[in-house]
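S.K.: Questions regarding the structure given below will be posed in turn.
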Amino acid sequence: MKITKIETFLLHVPVTGSQIADSAHRITHWGVPGVILHTAGGLRGYGYTGTHAHTALDRLITDCIAQTYGPLLEGEDAQDVQRLWRKLCHFPPAQWVGRSGITQLALAAVDIALWDLKAKAAGLPLWKLLGGCRPGGIEAYNTDGGWLNLTTAQVVENCRRFVGEGYPGVKIKVGSPNPNDDLRRIEAVRAAIGPDVKFMVDANGKWDLPTALNTARKFEDYDIYWFEEPLWYDDVEGHAALARATRTPVALGEQLYSLDAFAAFVRAGAVHFVQADVTRVGGITEWWQVADLALAHHLPVAPHAGDMGQVHLHTALAHPACTMVEFIPWIRHCFEEPIVVKDGLFVPPQQPGAGSTVTAGALQEFGIR
Ligand code: MG
């Protein structure tokens, strides 16, 4: 399966309600810098990463794919995913300028495209190729109603609707300047959804350790399923201290770029729910390594949806450490086989590939030239 051509693309797709905010970000579009790997036999593999749709930065990612990784891939056998991942990941000039950030996001897009090709060549959806652990589906939780720019009444209404639709879990944003504002919102949501729904909160790295310690103790009154990114993303010791001090489990990983970064948090007892993201660690290959690390420590994996669920649905259906997948529907209409949730479960995809094939219509409608 010889790679004959490397083509990049860039989509900017509007988010729900024209704008969303958490404690650290305010965005109007989801960025999808990606790659199409063409092969001699005619198969095409699609891969992409996820960004906040900043054109100049997104261009650095697609340029890295086209100009740095492209020449390393041309003429190679796309079946050799592990070898090619190592070739790109350990390419000395790329390592020199970044083992995280833009080079890693570019690597993620390429690796997903390679796995997409491998599954298409096998005639199987990727989750089947990887061993198919959950043919009946996997639990979904809905994040797309709890943004910080919404009123408490809107968040309560959204969460109540999600529960009515069958979602077994919901997540809302916290990290307000006054944590009491978040506590009032949490109290209102818990009262609306009842005691049996999994209820997660996400501070997007906003708070310092004293604020997080104080607030996490108060979360315990509302049976919070996890407290996501309470502190600065790379603060291993701070998260470990928080994890020791509260009964509310700590979730993190959406901003970690490597197996080594996850290993540091796991070794320190600083994480309970491992939220590796295929679009940020170096693709499916490194995501699987992180999931194995979690499994070895008996920690659940609940991937962050930088891919908006299209690819994680496959990896989560296959890896035994995964317990649930985040649902955010912003870009699902861009794919040939969009993710589907029915009665609170993601429905296993049936088409060959990694779920990453973008439609011609989406390239036309949302493509940035
Ligand atoms: Mg998050």
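S.K.: Mind telling me which of the residues 55, 16 ends up being modelled with pLDDT under 95 and of a type in the set (Val, Ile, Thr)?
M.R.: 16
S.K.: Same structure again: Between residues in segment 85-109 that are open to solvent by less than 20 Å² (accessible area, probe 1.4 Å) and residues that are small (Gly, Ala, Ser) and not in a helix (DSSP H, G or I), which pairs lie under 6 Å by C-beta distance while being six or more apart or on different chains?
M.R.: These pairs meet every condition: 104/282; 107/282; 108/282; 109/34; 109/47.
S.K.: For segment 220-241, give me each residue that is within 16 Å of the ligand (Cβ to nearest atom) and open to solvent by less than 50 Å² (accessible area, probe 1.4 Å).
M.R.: Selection gives 224, 226, 227, 228, 229, 230, 231, 233, 239.
S.K.: While we're here: Identify the single condition in (1) open to solvent by less than 10 Å² (accessible area, probe 1.4 Å); (2) of a type in the set (A, V, I, L, M); (3) within 25 Å of residue 84 (Cβ to Cβ) that residue 293 does not satisfy, given that it satisfies every other one.
M.R.: Failing condition for residue 293: (1).
S.K.: Would you check if there is a residue in segment 56-65 being among the acidic types (Asp, Glu), within 16 Å of the ligand (Cβ to nearest atom), under 30 Å from residue 202 (Cβ atoms) and crowded, with 17+ Cβ neighbours inside 10 Å?
M.R.: The answer is no; no qualifying residue exists.
S.K.: Same structure again: Take residue 280 and decide whether it is under 20 Å from residue 106 (Cα atoms) and open to solvent by 10 Å² or more (accessible area, probe 1.4 Å).
M.R.: Considered against the rule, which asks whether it is under 20 Å from residue 106 (Cα atoms) and open to solvent by 10 Å² or more (accessible area, probe 1.4 Å), residue 280 comes out as yes.
To keep it simple, each residue is scored yes or no on (1) under 16 Å from residue 367 (Cβ atoms); (2) in a loop (DSSP other than H, G, I, E, B); (3) hydrophobic (A, V, I, L, M, F, W, C); (4) touching a helix residue (DSSP H, G or I) at 6+ places or on another chain (Cβ under 6 Å).
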| site | (1), (2), (3), (4) |
| --- | --- |
| 3 | no, no, yes, yes |
| 24 | no, yes, yes, no |
| 30 | yes, no, yes, no |
| 34 | yes, no, no, yes |
| 38 | no, no, no, no |
| 41 | no, yes, no, no |
| 46 | yes, no, no, yes |
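S.K.: Which is more than 16 Å from the ligand (Cβ to nearest atom) and open to solvent by less than 20 Å² (accessible area, probe 1.4 Å), of 326, 337, 286?
M.R.: The match here is 286.
S.K.: While we're on this one: When both residues are 6+ apart or on different chains and their Cβ atoms are under 6 Å apart, which pairs have a first residue that lies in segment 340-359 and is among the charged types (D, E, K, R), and a second that is open to solvent by less than 20 Å² (accessible area, probe 1.4 Å)?
M.R.: none
S.K.: Let me ask something else about it. Which pairs have Cβ atoms under 6 Å, sit 6 or more apart or on different chains, and link a residue in segment 254-275 that is closer than 24 Å to residue 313 by Cα to one that is of a type in the set (Gly, Ala, Ser) and within 13 Å of the ligand (Cβ to nearest atom)?
M.R.: Cβ pairs passing all conditions: 273/251; 273/302; 274/253; 275/251; 275/253; 275/302.
S.K.: Looking only at segment 340-366, count how many residues are under 21 Å from residue 17 (Cβ atoms) and either part of a loop (DSSP other than H, G, I, E, B) or open to solvent by 10 Å² or more (accessible area, probe 1.4 Å) (or both).
M.R.: 3
S.K.: Among (1) outside the structural domain of residue 301 (by TED's automatic domain parsing); (2) open to solvent by 30 Å² or more (accessible area, probe 1.4 Å), there is one condition residue 161 misses while meeting the rest; what is its number?
M.R.: Among (1) outside the structural domain of residue 301 (by TED's automatic domain parsing); (2) open to solvent by 30 Å² or more (accessible area, probe 1.4 Å), the lone unmet condition for residue 161 is (1).
S.K.: Out of (1) open to solvent by less than 20 Å² (accessible area, probe 1.4 Å); (2) more than 15 Å from the ligand (Cβ to nearest atom), the odd one out for residue 212 is which?
M.R.: Failing condition for residue 212: (2).
S.K.: When the residues of segment 171-185 are filtered to those that are within 16 Å of the ligand (Cβ to nearest atom) and of a type in the set (A, V, I, L, M), which remaining residue is surrounded by the most Cβ atoms within 10 Å (Cβ to Cβ)?
M.R.: 174
S.K.: Name the one entry in 304, 312 that is out of contact with any Lys or Arg (no Cβ under 6 Å at 6 or more places or on another chain), open to solvent by 10 Å² or more (accessible area, probe 1.4 Å) and within 16 Å of the ligand (Cβ to nearest atom).
M.R.: 304
S.K.: Of the residues that make up segment 158-170, is at least one within 16 Å of the ligand (Cβ to nearest atom) and either more than 13 Å from residue 316 (Cα to Cα) or modelled with pLDDT of 95 or more (or both)? Before you say what the answer is, go through the steps one by one.
M.R.: First, the residues of segment 158-170 that are within 16 Å of the ligand (Cβ to nearest atom): 169-170.
Keeping just the survivors that are either more than 13 Å from residue 316 (Cα to Cα) or modelled with pLDDT of 95 or more (or both) gives 169-170.
Yes, segment 158-170 contains at least one residue that is within 16 Å of the ligand (Cβ to nearest atom) and either more than 13 Å from residue 316 (Cα to Cα) or modelled with pLDDT of 95 or more (or both).
The values are calculated or read from the model by the stated rules, or taken from the named source; none is laboratory data. No experiment lies behind these values; they were computed from the predicted model shown. Glycine gets a Cβ as well: all are built from the backbone with ideal geometry, and neighbour counts include every protein chain shown. Ligands, DNA and RNA are stripped out before the accessible areas are found, and what is left, the full protein with its side chains, is counted by its heavy atoms. Shrake-Rupley method; radii C 1.70, N 1.55, O 1.52, S 1.80 Å.
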